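Below is one structure; the comments refer to it alone.
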Amino acid sequence: MLSSARSVSAAAQSRGGAGGAEMEVRAAQSGEIHVIVGPMFAGKTTALLRRVQAEASNGRSVALIKSDKDNRYALDSVVTHDGAKMPCWAIPQLSSFHEKLGIEAYDKVDVIGIDEAQFLDDLHDFCCKAADRDGKIIVVAGLDGDYKRKKFGSVLDIVPLADSVTKLTARCELCGRRAFFTLRKTQETRTELIGGADVYMPVCRQHLHMDGQIVMEATRIVLDLDKSTVRSHALK
Ligand SMILES: Nc1ncnc2c1ncn2[C@@H]1O[C@H](COP(=O)(O)OP(=O)(O)O)[C@@H](O)[C@H]1O
Ligand SMILES: Cc1cn([C@H]2C[C@H](O)[C@@H](COP(=O)(O)O)O2)c(=O)[nH]c1=O
Ligand SMILES: [Zn+2]
């Protein structure tokens with residue numbers, strides 16, 4: 001079921017022949033916008049996939065989109081950090097979605113899931129049109145803040161448009177408490193830097209100001225210690 005999202009929309013595309021009446025019914029449906037934010041590893045993508053999957057199980061036609069900047073695990077799927085995945089449309093900006101899908105197929109889609117929303121600059125405009133004008137249910141997942149805790153892309157700009165906003169938390173990798181923020185472990189300073197646990201870790205407020213390099217070094221020492229313990233046990 002998880003893998004059916006794009007094929008549902010692709011099927012919608014091939015059904016064709018949408019009558020004007022159906023278009024009117026769809027436009028008359030009330031749209032919704034639901035926003036899921038939080039730091040990395042908080043379960044945003046997991047929550048998005050669950051919601052889209054539930055909508056598909058209820059007979060709605062769903063389409064899943066992500067920014068094509070996210071090439072971490074696969075380009076044609078939305079993938080969680082623990083490997084759950086679902087086919088998607090990977091696009092540079094949301095305005096290209098209509099063109100990719102085709103107008104008739106777009107008209108048939110009820111629910112649009114959007115992942116990695118922080119990388120999609122035309123998020124506000126797209127959500128307005130899709131929910132207010134076209135009656136779509138939009139579920140958006142993305143980072144509210146970057147590693148400096150500055151607002152990231154347009155995610156916060158859609159909060160005033162939203163029916164619901166959910167802020168998820170992860171577990172601080174250093175103490176296990178609730179983590180609201182994402183620490184970058186490298187010295188790289190550009191805002192956009194694609195990566196996973198190799199580059200980022202979730203942290204609580206207390207551990208936010210740890211120097212990433214020190215954390216990396218400490219991790220390396222612990223791992224080296226572990227390895228030498230394993231080696232000395234093996235020699236016994
Ligand atoms: N520090 C971590 N490093 C790697 N994976 C983690 C870490 N913390 C949690 N995870 C895993 O990531 C999953 C959440 O993944 P995902 O839904 O992709 O999160 P998000 O989209 O918020 O980054 C968790 O259920 C857990 O299994
Ligand atoms: C904090 C932060 C993150 N990114 C990137 C790193 C990942 O590729 C994504 C977030 O993915 P997730 O699904 O939320 O785990 O964003 C970035 O470019 N800049 C940052 O400051
Ligand atoms: Zn902590």
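Length gain on complete extension for the stretch LEU75 to THR46, per 0.36 nm per residue less the alpha carbon to alpha carbon distance?
On the way: separation 29, 0.36 × 29 = 10.44 nm, distance 1.71 nm.
Extra length available between LEU75 and THR46 comes to 8.7 nm.
Given a 1.4 angstrom probe, what's the average accessible area per residue across the stretch 130-179, in square angstrom? Before the final figure, lay out each step's value.
On the way: 2500 Å² over 50 residues.
Per residue, the stretch 130-179 has 50 Å² of solvent-accessible surface.
Checking the table LYS44/LYS66; LYS85/LYS108; LYS108/LYS129; LYS69/LYS108 against a 21 Å threshold on Cα-Cα, which pairs fail?
Working: LYS44/LYS66 13 Å; LYS85/LYS108 23 Å; LYS108/LYS129 15 Å; LYS69/LYS108 27 Å.
Flagged as over cut-off: LYS85/LYS108; LYS69/LYS108.
Within 10 Å of each candidate Cβ there may be at most 15 other Cβ atoms; applying that plus a DSSP loop requirement, which GluC sites (Glu not before Pro) in the stretch 127-205 survive? Before the final figure, lay out the partial values.
Details: sites: GLU173, GLU188, GLU192; in loops: GLU173, GLU188, GLU192.
Loop-located and lightly packed - GLU188, GLU192.
The values are calculated or read from the model by the stated rules, or taken from the named source; none is laboratory data. The structure presented is a predicted model; accordingly, all values stated were derived computationally and were not measured. We place every Cβ from the backbone using ideal geometry, glycine too, and count neighbours over all the protein chains shown. SASA here: full protein model, heavy atoms, side chains in, ligands and nucleic acids out. Shrake-Rupley method; radii C 1.70, N 1.55, O 1.52, S 1.80 Å.
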